[in-house]
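> Take this structure first; my questions come after.
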Amino acid sequence: MAASSTVNIEITLLDGKKENISHSIAKENGDISFPGLLNSINFVQEKCNQLLTKIIEDEKSKRANLKLRPKDVPENENLIGDEKGEDDDDDDDNDEDEDDDDDDDDDDEITSTEPPEKKHKT
């Protein structure tokens, strides 16, 4: 394997695009030193982090701009309530957060009936 005077990182993205980041280790006279190697590695790592951060921020921006709504719902229909968090749909019979208006403080009514207790012989 031939010696190289360059630190090189190649990143393959999900779309198949390849990004190449490199930095020369050698000094002007061609010598390679340990501090020069560390400097090159730090430079490449910093550029790699900047690239990956940019890619992540771009992806977050794309996802935030996506509108995930069914095709049959009009664009102006609010699917999750208005800004106040109130229910804006017309199916008031199915609203779990509303009480049953009978003022008996029993909004969590149990609809099933329990079997009667068996009498024990004594």
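> The conditions are (1) part of a helix (DSSP H, G or I); (2) modelled with pLDDT of 85 or more, and Ile21 fails exactly one of them. Which is it?
Exception for Ile21: condition (1).
> Testing Glu59 on (1) of a type in the set (Asp, Glu); (2) at pLDDT below 60; (3) under 34 Å from the mean Cα position of the chain (by Cα), one condition comes back false. Which one is that?
Looking at each condition in turn, Glu59 falls short on (2).
> For the stretch 62-79, how many residues meet the condition of being closer than 30 Å to Ile9 by Cα and either at pLDDT 90 or above or surrounded by 10 or more Cβ atoms within 10 Å (Cβ to Cβ) (or both)?
Final tally of qualifying residues: 0.
> Further, regarding this structure: Looking only at residues that are within 23 Å of Leu52 (Cβ to Cβ) and exposed (fewer than 10 other Cβ atoms within 10 Å of the Cβ) in the stretch 13-30, which one is farthest from the chain's Cα centre (by Cα)?
The residue in question is Asn20.
The values are calculated or read from the model by the stated rules, or taken from the named source; none is laboratory data. This is a predicted model, so every value here is computed, not measured. Because the Cβ atoms are built from the backbone with ideal geometry, glycine has one as well, and the counts that use them run over all protein chains shown.
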